[in-house]
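The structure under discussion appears below in the form of C-alpha cells.
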Amino acid sequence: MNVIEQETSKLIERAQQLEASDIHLHPSESRTNVWLRMQGELVPWITINQGRASKWIAHLKYKAGMDLGERRRPQHGAIQHPLPGKELHIRLSTLPSDGVERLVIRLLPQHEHHPLQKLALFPEDATRLETLLKRPHGLVLFTGPTGSGKTTTMYTLLHHLVTSKLRQVITIEDPIEQTHPLFTQMQVNEHAGLTYESGLKSALRHDPDVLMLGEIRDVNTAAMAVRAAMTGHLVLSTLHTKSAARAVERLCELGIPKSDVLDVTEAVVSQRLVSMKCPYCKDTCHLYCPSRQRLGRRGIYEISHQQDLFTRHHSDQIRRRLYKAAALGYISHAEGGADG
Ligand SMILES: [Zn+2]
C-alpha cells in the first residue's frame, strides 16, 4: 500500500468510526478543508495542503473507475471499502468549482440494522410501527422532509419483518443505500431500461410478499403500486409530502381514484429526525464527545391509520410530540420548537 492509499483508507475509516455520513474535500486558495457531515450537520474536521488533497482525490477517482483527466465535468463513482467484519459502500461525487475539483465521499455502512426499539424516541411509536407490519397486504407510505430518515425506517421495518418470519422481500431503489442478505434488491437504471415501473413489473412476477419502492414519482408507478397492494402484497414506499392528508392528495393527483387510495392505504407514517440532547455539552455536542455516538438521532413519528385518512384534517401531532420531547429534556428547545 502506498502512502496516499494508506492516508485515504485512514480518512475513510476514521470518518466511519465517528459515524459521519459524508466526507467533504473542499479546496480553498492554498488549503483544503475536510468537513464531515454528522447527524445531518457539517462539522469542520481537518485541513490539508492542496497538493495532498489533489493526490487523495486522484487516488479515489482512480479506485472508483472515474476519468482521472476529466476535472471540468461532474462525475460519480462507487467503491467498496472492506472493514473488519463488514463492507462499506462508498459513493463519490466530484463537482468542479471555479477551476478546482471538489469531492464528496458518501459512506454507506452495510448490515447495520438498528433494532426497532432504537428507531423511535418514544417507545410507543416503535410498538405502533411494529403493529403496521402485521398487515398481510396494503400500502404503507412514509412521508417527511429529505433527510428525515424515511429510508432507514423502511429498512429497519423490513429487516425486523424478514428476521421474524421468512418472506420474499423485493426492493426497487435509486440508489440502494444498504444491501441486505435476505432482500432481493434492484437498482433503478434508466439507461439500462430499469425504471421503477419496469422493476415493479418484474418484481411482481417473482412471487413477492413485501415490496419496497424507494419512491413513487410517476403515474404508472403509482398505479402499479396500488394494484400490487390490492392483490395481496404489502407495499412500502415514500412520498415527498409534508403530511398524511397531502399524501392522499398526491396519490389522487397521480391519477389514483380517491376511493382506491383510501381503500388500499393502510397507514401513512410521517416522521422527523431529532438529535438527542447531550447531558455533558451545552449546545451542540462536541465532535469527539463520547456520548455523541451513543445518543445519535431518533425519529418522531405520527402514524395515520386508514380510518384517520378519511377525516382529512391536518394533524399537528408531530409538532406536539416535538414539544413533549423538548419538555422532557430529550431534545433541545430549539429543536422541539422547529417543525421539520
Ligand atoms: Zn456531548
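Which of the residues belonging to segment 27-53 are surrounded by 18 or more Cβ atoms within 10 Å (Cβ to Cβ), over 20 Å from Gly147 (Cα atoms) and in contact (Cβ under 8 Å) with a residue 24 or more places away in the chain?
Pro27, Trp45, Ala53
Here is a check on your reading of the model: is Gln187 within 19 Å of Lys150 (Cα to Cα) and of a type in the set (S, T, N, Q)?
For Gln187, the condition - within 19 Å of Lys150 (Cα to Cα) and of a type in the set (S, T, N, Q) - is met.
Looking at (1) within 16 Å of the ligand (Cβ to nearest atom); (2) touching a residue at least 40 places away in the same chain (Cβ under 8 Å); (3) assigned to a loop (DSSP other than H, G, I, E, B); (4) under 25 Å from the mean Cα position of the chain (by Cα), can you tell me which one Cys278 breaks?
Condition (2) is where Cys278 drops out.
Regarding Thr163, is this residue at pLDDT below 90 and assigned to a helix (DSSP H, G or I)?
So Thr163 fits the description; yes.
Quick one: in segment 262-310, of everything that is more than 20 Å from Leu121 (Cα to Cα) and of a type in the set (Val, Ile, Thr), which residue is surrounded by the most Cβ atoms within 10 Å (Cβ to Cβ)?
Only one residue fits best here, namely Thr265.
Closer than 25 Å to His24 by Cα and surrounded by 14 or more Cβ atoms within 10 Å (Cβ to Cβ): does that describe Val140?
Criteria not met by Val140.
Give me a count of the residues in segment 68-111 that are closer than 21 Å to Asn2 by Cβ and either of a type in the set (S, T, N, Q) or assigned to a loop (DSSP other than H, G, I, E, B) (or both).
So the count comes out to 3.
Sort out which residues of segment 238-275 are within 17 Å of Thr153 (Cβ to Cβ) and in a helix (DSSP H, G or I), and write them in order of number.
Within segment 238-275, Ala244, Ala247 qualify.
Select from segment 201-219 the residues that are loosely packed, with under 13 Cβ neighbours inside 10 Å and in contact (Cβ under 8 Å) with a residue 24 or more places away in the chain and write down the one among them that is farthest from Gln168 (Cα to Cα).
The qualifying residue farthest from Gln168 (Cα to Cα) is His206.
Taking the condition surrounded by 15 or more Cβ atoms within 10 Å (Cβ to Cβ), among the polar types (S, T, N, Q), away from the ligand (no atom under 16 Å from the Cβ) and farther than 30 Å from Ala20 by Cβ, does Ser243 pass?
Answer is yes for this residue.
The values are calculated or read from the model by the stated rules, or taken from the named source; none is laboratory data. Please read all numbers here as calculations on a predicted model, not as lab measurements. Quick reminder, even Gly has a Cβ in these numbers, built from the backbone with ideal geometry, and neighbours come from all protein chains shown.
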